[in-house]
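Student: Dropping the structure in here first, questions after.
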Amino acid sequence: MLVEILYNEEILLHYYKMGLLWSLPSTIEAGQFLMFRVSDGIDPFLRRPFGIYRTISIERGSKKLGGVEILYKVVGKGTGLMAGLRQGHKVDVLGPLGVGFSGFDGDGKLIMVAGGVGIVPFYLLAEGLANKDSRVQLLFGGRCKDDLPGLLDFENLGTEIKISTDNGELGVRGAVTELLKKEVSDDSTVYACGPKGMLKEVARIARERGVPCFVSLDKIMACGMGACLGCAVKVNGRKSRYTAQNLSPYKMVCKDGPVFDAEEIVWKEL
Ligand SMILES: Cc1cc2nc3c(=O)[nH]c(=O)nc-3n(C[C@H](O)[C@H](O)[C@H](O)COP(=O)(O)OP(=O)(O)OC[C@H]3O[C@@H](n4cnc5c(N)ncnc54)[C@H](O)[C@@H]3O)c2cc1C
Ligand code: FES
């Protein structure tokens, strides 16, 4: 589907927010994503996956129109081209795709653990829970203070936030997983998105504490819809409910995820 770019602004060095004029169903799950064609030509050929950061609305004349905002980091060719796209340009997107975060029923404490651009799936969640009685905490880690995109948005929501940076520029010095060790309690549910090493450690801490943990995985994707099998992850043995046979030990990050129960993942093969 072709949608119009409303804005595309650098918010921190290498981090951008892009608004798209695109009315999506009101039932988007935090953690769902879209596939974005970065070029009108054939290079790069494949769409790139980006989480849906938040929904926006704009007024045009007398009309109120809906849109979505993505938050992305420039890491290579495709995202470099995206950074050069201007307001008014039309881009080809597919979505919303995948399965987002679930498993927190409002009881106990929800801890969202984000590393850098791994913050993306948590805005919709934090926004949805902002005026409820739920206890929600964001543990946000980055390499330095400029590696914490969207921090102000969460401050504006009134989310309880604890920060860590590798160089100690903001918050405590060290890994965000050290914050998790301090903050996790028996009634916590942990949601995490960020680099693979961080997710592995989050899953380990949650397992050790015996609390539920859900992680959003990041795999290079080609189709985004379960067709190419390029984003397979190995999962722990599954049996069919109907035939007692073993099911495939693989799931697709794009279709079955990107959010998985951390206990399902065979971490040493990720
Ligand atoms: C479900 C999902 C949601 C995502 N959401 C966001 C988001 O909200 N914001 C954001 O900035 N990024 C997000 N990503 C990562 C984003 O898709 C990649 O950074 C992007 O595709 C890189 O494209 P490129 O052409 O710039 O990089 P390339 O030129 O293709 O590669 C540059 C470098 O980035 C690495 N890379 C390429 N694709 C990925 C990938 N999918 N994950 C990790 N490393 C990759 C390559 O190995 C290489 O080292 C998401 C990925 C997934 C799977
Ligand atoms: S990206 Fe093609 S199956 Fe997941």
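The values are calculated or read from the model by the stated rules, or taken from the named source; none is laboratory data. Only a predicted model underlies this, so the values are computations on that prediction, with no experimental measurement involved. Ideal geometry is used to build each Cβ from the backbone, glycine not excepted, and the neighbour counts take in all protein chains shown. We work out accessible area using only protein heavy atoms, side chains counted, and drop any ligands, DNA or RNA first. Shrake-Rupley method; radii C 1.70, N 1.55, O 1.52, S 1.80 Å.
Student: Just to be sure I understand the filter: pairs with C-beta atoms under 9 Å, separated by 6 or more residues or on different chains, first member in region 48-67 and assigned by TED's automatic domain parsing to the domain that holds T79, second member of a type in the set (D, E, K, R) and within 16 Å of ligand 2 (Cβ to nearest atom). Which pairs pass?
Tutor: Sorted first by the residue in region 48-67, then by its partner, the pairs are R48/R37; P49/D218; P49/K219.
Student: Among the residues of region 49-78 satisfying the criterion of being part of a loop (DSSP other than H, G, I, E, B) and farther than 24 Å from V117 by Cβ, which is nearest to ligand 1 (Cβ to nearest atom)?
Tutor: G61
Student: I'd like to know if region 101-108 contains one or more residues that are more than 16 Å from ligand 2 (Cβ to nearest atom) and crowded, with 17+ Cβ neighbours inside 10 Å.
Tutor: Yes: one or more hits.
Student: For a quick check of your reading of the model, give me the residue pairs whose first member lies in region 220-235 and is more than 6 Å from ligand 2 (Cβ to nearest atom), whose second is among the basic types (K, R) and part of a loop (DSSP other than H, G, I, E, B), with beta-carbon atoms closer than 8 Å and at least 6 apart or on different chains.
Tutor: Qualifying pairs under 8 Å: M225/K255; V233/K219.
Student: In this structure, does L170 turn out to be among the hydrophobic types (A, V, I, L, M, F, W, C) and either within 23 Å of L129 (Cβ to Cβ) or out of contact with any strand residue (DSSP E or B) (no Cβ under 6 Å at 6 or more places or on another chain) (or both)?
Tutor: It is false that L170 is among the hydrophobic types (A, V, I, L, M, F, W, C) and either within 23 Å of L129 (Cβ to Cβ) or out of contact with any strand residue (DSSP E or B) (no Cβ under 6 Å at 6 or more places or on another chain) (or both).
Student: Sticking with this one: How many of the residues in region 146-169 are assigned to a helix (DSSP H, G or I) and either charged (D, E, K, R) or within 11 Å of A114 (Cβ to Cβ) (or both)?
Tutor: 6
Student: Which one of the conditions (1) open to solvent by 20 Å² or more (accessible area, probe 1.4 Å); (2) more than 16 Å from ligand 2 (Cβ to nearest atom); (3) not hydrophobic (A, V, I, L, M, F, W, C) does Y15 fail to meet, given that it meets all the rest?
Tutor: Unmet condition: (1).
Student: Which residues, counting only those in region 170-227, are assigned to a strand (DSSP E or B), farther than 22 Å from R143 by Cβ and open to solvent by 20 Å² or more (accessible area, probe 1.4 Å)?
Tutor: F214
Student: Among the residues of region 181-211, count how many are under 18 Å from the mean Cα position of the chain (by Cα) and touching a residue at least 12 places away in the same chain (Cβ under 8 Å).
Tutor: Residues that pass the stated criteria total 14.
Student: A244 versus (1) at pLDDT 95 or above; (2) in a loop (DSSP other than H, G, I, E, B): which is the lone unmet condition?
Tutor: Tallying (1) at pLDDT 95 or above; (2) in a loop (DSSP other than H, G, I, E, B), A244 fails exactly one: (1).
Student: Got a number for residues in region 78-91 being over 18 Å from the mean Cα position of the chain (by Cα), touching a residue at least 12 places away in the same chain (Cβ under 8 Å) and open to solvent by less than 40 Å² (accessible area, probe 1.4 Å)?
Tutor: Number of matching residues: 5.
Student: Also, quick follow-up: Of the numbered conditions (1) within 18 Å of the chain's Cα centre (by Cα); (2) closer than 18 Å to L124 by Cβ, V75 satisfies every one except a single condition; which is it?
Tutor: (2)
Student: With the structure loaded, tell me whether G141 is in a helix (DSSP H, G or I) and open to solvent by less than 20 Å² (accessible area, probe 1.4 Å) or whether it fails that test.
Tutor: Spelling it out, it is not the case that G141 is in a helix (DSSP H, G or I) and open to solvent by less than 20 Å² (accessible area, probe 1.4 Å).
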